[in-house]
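No value in this document is a laboratory result; all are computed from the given coordinates. Note that the structure is predicted; figures quoted are calculated from it, not measured. Counting neighbours? That spans all protein chains shown, and the Cβs are built from the backbone with ideal geometry, glycine included.
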Amino acid sequence: MALANKRIAIAITCSAMLASKAVNAGLMEQLIDDDGWVDGSDWVLENAIGFMPVPIIITEPAVGEGLGVAAAFFHPPKDYSKEEYEEERAERAEQGEPDREKFVLPDITVVAAAATNNGTWLVGGGHIAHWRKDTIRYQGIIGYASINVDYYVDVGDSSVPFEFNAEGFLSTQPFSFRLGKSSWFVGGNWDYAKVETKFDKSNPILELLNFDTSLSALGAFIQFDNRNTIFTPTKGTYAELSYNRDSDNWGSDWDFDKVEFFLHQYFTLSKKWALGLRGNVINVEGDLPFFSVPFIELRGIPALRYQGESVGVVEADIAWRFHPRWAVSGFAGVGKADESFGDFSDSPSRVAKGVGIRYNTARKLGMWAGIDVAKGPEDTYWYLTVGSPWRD
């Protein structure tokens, strides 16, 4: 739900060093920080109003590797005049280190298209808005996608993958409201999808899973967020408890409930060491399509690989910032998926672990980017990581 906000904002900020209106001496000065290293902070802070082309790089192993492009337009939040917003940015630029209370993110409108090497493709758009001095937030997306991914069927003691295609329209429309001047938010959302699934028609059993269907879920959530930056946090808490219900009363072909809780906790251990801890539990009950069953989400494990109506995941990520611009990280996580949490004692633990290297791409925004290599239960994969590696 908040995924649209984070991914769009991170992708746009990361591209600040790669996209420009023109290559000139002034631009190059903005891309070189005081320490002589390449840095996108000043470019974003000085040029965060206007149009920007954004490259998209996809590294999710479930759909393959791919590329795309987005057109993004930055504009000040509606409650800020251009002059007020530029004063905010000037104060933020002088500060030199992340502090969300001192910098208001711009509103962002994006249209995008991307494709991967397994035939997956998507087009869509989104809008991030902050109203009433960031007391009301909106992060909506709409799109159309054709996704090729494997669905695993248990056969004896092993799981056999069968590729299927899911194609259709999707929309998510969430709003959240700040409680007073606190870091607490409450909100609601409507998620809708019209999907057609296709398996190989030569398989008479899996052909039963070929259908056109609609999903429509109304939900509510409560959220706490006091991270020092939305990009690569080093202190603070980000947590959310959400409830969503699909029902034919509001246009769904399915009838099920989904409850999810996640907690991301960040610690600054010292000037050079930072630790992140993550926990995530999901439970669904009712009648739902196979592709909506929750799955273990860890680097090193493809999406939909291990599914269950109840899923639990814990993960740790520690970074050693041995240089003001460079860091190495190590991470490890474990997840379980089964029919219920009561069955977890008999469920196998799926472990994934890996290492990564990071570069401080935007010091004043607190954003690092780099490459992760993760080994899961079956294989090893690589990921382009921009900001936090964890889904919001």
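Shown for K78, K364, K198: other C-beta atoms within 10 Å of each C-beta, ranked fewest to most, produce the order K78, K198, K364.
PRE reach from F322 (point 7 Å along Cα→Cβ): which of segment 257-288 fall under 14 Å by backbone N? Flagged as within label range: 272-273.
Compared with the direct C-alpha span, the chain from K78 to K272 gains 66.0 nm at full extension, assuming 0.36 nm per residue. Between W37 and D154, the C-beta separation translates, for a Förster distance of 41 Å, into a calculated FRET efficiency of about 0.20. Taking each residue as 0.36 nm, the span from T380 to F162 lengthens on full extension beyond its C-alpha to C-alpha distance by 76.5 nm. Extension gain, D134 to V355: 0.36 nm times the residue separation minus the Cα-Cα distance gives 75.9 nm.
Centroid-to-centroid, using Cα positions, segment 341-392 and segment 217-285 are 16 Å apart.
Mind checking segment 323-380 for chymotrypsin sites (Phe, Trp or Tyr not before Pro) that DSSP puts in a loop (not H, G, I, E or B) and that have at most 13 other Cβ atoms within 10 Å? Let's see the in-between values first.
Values: sites: W326, F331, F341, F344, Y359, W368; in loops: none.
Counting only loop positions with at most 13 other Cβ atoms within 10 Å, none of the chymotrypsin sites (Phe, Trp or Tyr not before Pro) in segment 323-380 qualifies.
Calculate, for D248 and Y144, the FRET efficiency according to 1/(1 + (r/R0)^6) with r their C-beta to C-beta distance and R0 30 Å; round to the nearest 0.05. Here the calculated transfer efficiency is 0.80.
Database remark: amide H of I136 closer than 5 angstrom to the amide H of W131, R178 (H placed geometrically; neighbours at sequence offset of 5 or more, or on other chains; Pro and chain starts carry no H). Taking label points 7 Å from Cα along the Cα-to-Cβ direction, E285 and Q173 give a separation of 2.9 nm. Across segment 293-300, rounded Karplus estimates of 3J(HN,Hα) from the backbone phi angles (6.51 cos²θ - 1.76 cosθ + 1.60, θ = phi - 60°) give 5, x, 9, 5, 10, 9, 4, x Hz, Gly and Pro being marked x.
If the limit is 18 Å between Cα atoms, which of K271/K364; K133/K235; K235/K364; K235/K271 go over it?
Check vs 18 Å cut-off fails for K133/K235.
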